[in-house]
1. Can you divide the C-alpha Rg of region 52-104 by 2.2 N^0.38 Å and report the result to two decimal places?
2. Just from its helices, what would the mean residue ellipticity at 222 nm be for the chain, if runs of 4 or more DSSP H residues each count -39500 (n - 2.57) and the sum is divided by every residue, rounded to the nearest 500 deg cm²/dmol?
3. Between residue 402 and residue 207, take the C-beta separation as r, use R0 = 51 Å, and let me know the FRET efficiency to the nearest 0.05.
4. At a 10 Å Cβ-Cβ cut-off, how would you order 455, 227, fewest neighbours first?
5. Counting other C-beta atoms within 10 Å, which of 194, 229 has the fewest, and how do the rest follow?
6. Could you quote the convex hull projected area for the chain, Cα atoms only and averaged over all directions, in nm²?
7. What FRET efficiency do you get for residue 184 and residue 373 if R0 is 51 Å and r is their Cβ-Cβ distance, rounded to the nearest 0.05?
8. Mind checking the log10 I(q)/I(0) for region 45-199 at q = 0.11 Å⁻¹? Debye, one equal scatterer per Cα, no solvent, two decimals.
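Nothing in this text is a laboratory measurement; each read-out follows from the coordinates by a stated rule. Just so we're clear, the structure is a prediction, and the values are computed from it rather than from any experiment. No Cβ is skipped: glycine too gets one built from the backbone with ideal geometry, and neighbour counts run over all protein chains shown.
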C-alpha cells in the first residue's frame, strides 16, 4: 500500500507540476498581452489628438498627392499659369486647371463657411466640384476655398488668395477646417460635409432648431436648407430656396414657396456668378459623392491602423509580423461592409417623382464614362426612381478606391462579387433587381481591368 500510495503521490505531484507549468505559461502569455496592450496604449498620442494624426496615417505631416498639390507643383515649375480677372479672381482659371465644369455650380446662402461675413441670401457662396475636388467662391471674398481628395489621407483643405498682384499659391490648412470636417459627421476622418439648416433672412442658421447631415439616404424633405435649388421635382418637397422667418419657430418653413424653382433672378443678382443655376442634379450627385469619399477614407484608415496594431502584437508575441489577426480582419471587414452598402446605394431614398435640373450638369456628368460594350455606364443617371440607373458608385474607379490597402480592397471586391452574382441574398440588397445585378456586373467586368481573377468567368 505504501508503494501504491507513493506511486499515486508521484503521479499527483507530476500532474500538479504540469498544471503549474501550464499556469505559468498562461500567466506569461497574459503578461505579454497586457504589456502589448499597454505599449499600444502608450503609442497613442496625447489625449484629444485624433488617431489620424499618428502613425501610420500622419495626416498633417505625410506627403500628399491630391489634384491641388499636383497643380501647385505645376505652378511652381512654370508648367501651368492661372489667369486673374477682376470680377471672379482666379475662379475660371482654377476650374479649368482642375477640370471642373461650371455646370456643377451650386449656391449656398447660409453662413456655414469661414467667410460667413460675406455670405447672405443676396450674395450666396458658389460651390463647384469634380470627382476629387471641391471649390468654394464668394463674390468679393479674399480667398477661394478648395478641398481635394488624397487617395491615402482623405480630404486636404486649401485656400487661394484672390489677389492678382501676387503669384498664386494654394496654402494648406493646418487644422482650422478639421473642427467641422473631422467629426462623426464625416465618419471621424478629414472629409467633406453637406449640411441642411434652418436659415434666417440674414443667412445665419438657427442651430437651436437642429441641422441635418445630408447624403443619398436623406429624405428630400430634410435636404437643402440654406441652399438655392433650381430644377423640377414634382410633388416632392425640400427645404431649399426659403428662409426661416419665424425666429421662435424656425422649423415652420414655407416649403411650397421653394418648390420647383427654375429661375433665381428674383432672389439675387445671378449675373455675378458663372451661371444662373444651382442645379438640383448637381446637388444630388454631390450628396452621394461626399459621403462615398468619407467612407473610402474610413476604410483606408481602419485597414492601415488594424494592420499596424496586428504587426505590433505579432512582434510582441514573437510571431512573424504578417501573421493573420482575426481582430484586425474584423476591423477591416466592418469598415468594408459599410463601404459596400453605400457603394451599392443600399439605403438610398427613393424618388417619387422625376427630377430635372436647369443646367447641363447631368449631360456633362454622364459623358465622362467609361462605358461597357453595350454603351452603359455607372454614370448613367435615372432621376425617376433613384439617382443612378445602375446603382453602383462611379467612385469605384477613383484613386481613393484603388489606394485601399489590399485586405480591404480584396474584401470589398469579394463582397461585391457575392452580391452581384446572387450568392449573397441579404435583405440589405433587395433594392437590386436581377437585371440591376447583371448590368452592374457586366459594366464592371468591361470597364475595370484590375478585377481579381475570380471575376473572369463572368466575362465573355
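1. 1.49
2. -11000 deg cm²/dmol
3. 0.85
4. Details: 455 18, 227 29.
Going from least to most buried by this count: 455, 227.
5. Lowest to highest Cβ neighbour count: 194, 229.
6. Numbers: hull surface 123.9 nm².
For the chain, averaging the hull's shadow over all directions gives 31.0 nm².
7. On the way: r = 43 Å, r/R0 = 0.84.
That pair, residue 184 with residue 373, gives E of 0.75.
8. -0.45
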